[in-house]
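The values are calculated or read from the model by the stated rules, or taken from the named source; none is laboratory data. Everything numeric here is computed off the predicted structure, so don't read it as measured data. FYI the Cβ positions are ideal-geometry reconstructions off the backbone, even for glycines, and counts take in every protein chain you see. Accessible surface is based on the protein model in full, side chains and every heavy atom, while ligands, DNA and RNA are left aside. Shrake-Rupley method; radii C 1.70, N 1.55, O 1.52, S 1.80 Å.
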2 protein chains.
Amino acid sequence: MKRDSRLSSVLHALLHMAEQDRPMTSDALAECMRTNPVVVRRTMGLLREAGFVTSERGHSGGWRIETDLSKLTLRQLHEALGEPTVFAIGNRNETPDCLVEQSVNAVLDSAFAEAEALLLERFASVTLADLAAEFTRRFKDIKLQKG
Amino acid sequence: MKRDSRLSSVLHALLHMAEQDRPMTSDALAECMRTNPVVVRRTMGLLREAGFVTSERGHSGGWRIETDLSKLTLRQLHEALGEPTVFAIGNRNETPDCLVEQSVNAVLDSAFAEAEALLLERFASVTLADLAAEFTRRFKDIKLQKG
DNA sequence: GTGCAAGTAATAAAAGAAGTTACATGAAAA
DNA sequence: TTTTCATGTAACTTCTTTTATTACTTGCAC
């Protein structure tokens, strides 16, 4: 199955943007993410609708973060992306007549709901600032390794 | 996204088989699950490889459960199906050179791993017998409602 | 007004699950 | 032993969803 990688994508993009003072163009973001500028605009557009970034056209235009990194959580980004389906596994039929299948659905749904709740809780507990810190930690580790 | 519904399918099938004394044909199972007999064979074949069911050809052949329902968990079935990918969300690139993306992956992976562990734990805690009991409960509820 | 950059619609490509067709294999019944 | 029933399996198609691409419009700055 093809997995939705937009959350991963926007995190990558936002961290790169956070390191820059100037706005970043869709082309620049697309290059560092090895994708297409139109895809970048489409995805970043959702974050703009949520108020997390702004975009400007023309010379020296591009994308800029408009939020305090320590206030922006993965969960908020997940929501901005339209809360895409979390699971690649699901019920065959969501509204079955068969009582057997209804029972199966009920039990599976409850398990999935629990796991999804935990995931979203985790998402809510991680801010962009945390991610930036994780990056800094890794960066220092690399420098140490290299001497 | 197209979700893998085989776990849901086999649970449905197994519960129906449990209610029967005679083996059930792929055609019968396909009909009650509104799918194709070949799909049934393909999926049930994986359960046969795991030793949970047997199949016989020819007259009065078909599929039969070969396991104690109270010993068979959803987790075992998930494994028999080849442990399909649980999440429809994932990293854009699993082995990035970019240190930023590595950091993003690490944080996301840890969140996903936690949620998957919880899901599998839940799967391990539910047996087919539990599901059958859930069905019985619902069946009684319906009868009560109808008077 | 020229160039740069986003906005957007429409379409194609890619991938994987499920469905379908066609035929082989084997067991039981007639 | 021939027919019928049922699984086994390969090959292919369909369906769905994400991602990529193309082509064009809008708007800002130099």
- GNM of chain A, Cα pairs under 10 angstrom: of A:Leu69, A:Leu47, A:Leu118, the biggest fluctuation goes to A:Leu118
- Message: As a test of the definition: which semi-axes, in Å, follow for the range B:47-117 when you take the square root of five times each eigenvalue of its alpha carbon gyration tensor? Largest first, please.
- Response: 41, 14, 7
- Message: What FRET efficiency comes out for B:Arg64 versus A:Glu121 if R0 is 41 angstrom and r is the Cβ-Cβ distance? Round to the nearest 0.05.
- Response: 0.45
- Checking A:Glu66, A:Glu134, A:Glu94 against a Gaussian network model of chain A (alpha-carbon springs below 10 Å), the top fluctuating residue turns out to be A:Glu94
- Message: Residues of the range B:6-22 that become at least 20 Å² less accessible with every protein chain present than in their own chain isolated, using 1.4 Å: which are they?
- Response: B:Leu7, B:Ser8, B:Ser9, B:Leu11, B:His12, B:Leu15, B:His16
- Shielded residues, the range A:112-147 - accessible-area loss of 50 Å² or more between chain alone and all protein chains, probe 1.4 Å: A:Glu114, A:Leu118, A:Leu119, A:Arg122, A:Phe135, A:Arg138
- Averaged per residue, what accessible surface does chain B expose to a 1.4 Å probe, in Å²? 54 Å²
- Find how many whole Å separate the alpha carbon centroid of the range B:81-119 from the alpha carbon centroid of the range B:15-48. 34 Å
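Taking every pair of Cα atoms in the range B:11-147, average 1/r, invert it to obtain the Kirkwood radius, and report Rg/Rh to two decimals. Mind dumping the intermediate values first?
On the way: Rg = 19.7 Å, Rh = 17.6 Å.
Across the range B:11-147, the Cα-based Rg/Rh ratio is 1.11.
After finding the eigenvalues of the alpha carbon gyration tensor for the protein assembly as shown, what semi-axes result from the square roots of 5 times each, listed largest first in whole Å?
Numbers: eigenvalues 441, 75, 63 Å².
Each semi-axis is the square root of five times an eigenvalue, giving 47, 19, 18 Å.
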- Message: Helix A:99-125 against the longest principal axis of chain A: what's the angle in degrees, Cα atoms only, rounded to the nearest 10?
- Response: 20 degrees
- Note on the structure: SASA check, B:Cys32, accessible area w/ 1.4 Å probe, all protein chains in place, rounded to nearest 10 Å², comes out at 50 Å²
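Compute for chains B and A the buried accessible surface, both sides summed, probe 1.4 Å, and express it in Å² to the nearest 100.
Details: alone 10440 and 10440 Å², together 15810 Å².
Summing both chains' loss of accessible area gives about 5100 Å².
Which value, in debye to the nearest 20, gives the size of the charge dipole of the protein assembly as shown about its Cα centre, when Lys and Arg are +1 and Asp and Glu are -1 at the Cβ? Could you put the intermediate results ahead of the total?
Details: 38 positive and 42 negative charges, 92 e Å.
Here the protein assembly as shown has a charge dipole of around 440 debye.
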- Message: Using only the alpha-carbon atoms, how far is helix B:6-18 inclined from the longest principal axis of chain B? Give it as 0 to 90 degrees, nearest 10.
- Response: 20 degrees
- Query: Distance in nm between label sites at A:Cys32 and A:Thr95, each 7 Å beyond Cα in the beta-carbon direction?
  - Reply: 4.6 nm
- Of all DSSP beta bridges in the protein assembly as shown, antiparallel share, percent nearest 5: 85 percent
- Working with all protein chains in place, sort B:His16, B:His59, A:His12 by solvent-accessible area computed with a 1.4 Å probe, largest first. B:His59, B:His16, A:His12
- Query: Suppose every K and R has +1 on its Cβ and every D and E has -1 on its Cβ; what is the size of the dipole of the range B:6-146 about the Cα centre, in Debye to the nearest 20?
  - Reply: 860 debye
- Query: Which whole-number percent is the relative contact order of the range B:13-147 (Cα, under 8 Å, 6+ apart)?
  - Reply: 24 percent
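Ignoring ligands, DNA and RNA, please state the percent of accessible area on chain A from carbon and sulfur, probe 1.4 Å.
Working: 3750 of 7900 Å².
Whole-percent figure for carbon plus sulfur exposure: 47.
If Rh is defined by the Kirkwood formula over all Cα pairs and Rg also comes from Cα, what ratio Rg/Rh do you get for the range B:75-147? Could you put the intermediate results ahead of the total?
On the way: Rg = 19.6 Å, Rh = 15.6 Å.
Looking at the range B:75-147, the ratio lands at 1.26.
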